[in-house]
Amino acid sequence: MFPELSTQRFVLQQILRSDQAFIYEGLSHPQVIPYYGVWYDSFEDTAGQMDFYEAQWEQGTGCFWKITDRGTGESAGVIGFNNYQSKHNKAEIGYWLLPAFWKKGIIAEVLPVVINYMQEEKKIHRIESLVEEGNEESYKVMEKAGFEYEGTMRDCEIKRGKYISLRIYALISGKG
């Protein structure tokens, strides 16, 4: 059964096929995608992201939630983890929010609940976050949540035809 998590202001719910328009809105938004690893140019192409969310859960390699405002029912963004490696007890966490929900403390509120689920329910020892160089807001979020900056992988990926560098942040169970 898919775990539903909650905070004072938000409910974290399973992403369903019926959420595709919302996912497309976020992952095609010009303010969201500059620092996010995937983006879509069409609604139809976003079906691949829906497949990804389903496969992560079905294969036990990740779990992604839609962040829903408890009061209004509005979808604000997505948070979750992937690349879970049971052999090493580690996974990578990621998130995005629609711009209308920026600077409202949303990720700071929901991130601890997701971390708790990862550590207590999934027994994940190491949680990693790969943050694209220049994403100052995410640096702050990671540091505030207790993640430690471990270094930068320079020119490690190609995004839209250009090399990008990724900063590695990690939270070790029992140290955060």
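The values are calculated or read from the model by the stated rules, or taken from the named source; none is laboratory data. Keep in mind it's a predicted model, so treat the numbers as computed, not measured. Glycine also receives a Cβ, built like all others from the backbone with ideal geometry; neighbour counts cover every protein chain displayed.
If the condition is being over 20 Å from Arg167 (Cβ atoms), surrounded by fewer than 17 Cβ atoms within 10 Å (Cβ to Cβ) and free of Cβ contacts under 8 Å to residues at least 60 places away in the same chain, then region 103-121 contributes Lys103, Lys104, Gly105, Pro112, Asn116, Glu120.
Among the residues of region 141-167 satisfying the criterion of being of a type in the set (Lys, Arg) and surrounded by 12 or more Cβ atoms within 10 Å (Cβ to Cβ), which is nearest to Ile115 (Cα to Cα)? Spell out the reasoning first.
Of region 141-167, the ones of a type in the set (Lys, Arg) are 144, 154, 159-160, 162, 167.
Cutting the leftovers down to surrounded by 12 or more Cβ atoms within 10 Å (Cβ to Cβ) gives us 159, 167.
Working: Lys159: 28, Arg167: 19 Å.
Only one residue tops the list, namely Arg167.
Residues in region 154-167: is at least one under 22 Å from Ile124 (Cα atoms), of a type in the set (Phe, Trp, Tyr) and at pLDDT 95 or above? Scanning region 154-167, I find no residue that is under 22 Å from Ile124 (Cα atoms), of a type in the set (Phe, Trp, Tyr) and at pLDDT 95 or above, so the answer is no.
Taking the stated definitions as given, is Ser173 in contact with a strand residue (DSSP E or B) (Cβ under 8 Å, 6 or more places away or on another chain), touching a residue at least 40 places away in the same chain (Cβ under 8 Å) and under 21 Å from Gly26 (Cα atoms)? It is false that Ser173 is in contact with a strand residue (DSSP E or B) (Cβ under 8 Å, 6 or more places away or on another chain), touching a residue at least 40 places away in the same chain (Cβ under 8 Å) and under 21 Å from Gly26 (Cα atoms).
Of everything in region 7-61, what is of a type in the set (A, V, I, L, M), crowded, with 17+ Cβ neighbours inside 10 Å, out of contact with any Leu (no Cβ under 8 Å at 6 or more places or on another chain) and assigned to a helix (DSSP H, G or I)? Give them in sequence order.
Narrowing region 7-61 to residues of a type in the set (A, V, I, L, M): 11-12, 15-16, 21, 23, 27, 32-33, 38, 47, 50, 55.
Checking the rest, the ones that are also crowded, with 17+ Cβ neighbours inside 10 Å come to 12, 15, 23, 27, 32-33, 50.
Applying the additional criterion that residues be out of contact with any Leu (no Cβ under 8 Å at 6 or more places or on another chain) yields 15, 23, 27, 50.
Within region 7-61, Ile23, Leu27, Met50 meet the criteria.
Restricting to region 66-95, name every residue that is of a type in the set (Phe, Trp, Tyr) and either on the phi > 0 side of the Ramachandran plot or surrounded by fewer than 22 Cβ atoms within 10 Å (Cβ to Cβ) (or both).
Taking region 66-95 as the starting set, the residues that turn out to be of a type in the set (Phe, Trp, Tyr) are 81, 84, 95.
If the condition is that a residue be of a type in the set (Phe, Trp, Tyr) and either on the phi > 0 side of the Ramachandran plot or surrounded by fewer than 22 Cβ atoms within 10 Å (Cβ to Cβ) (or both), then Tyr84, Tyr95 are the ones that fit.
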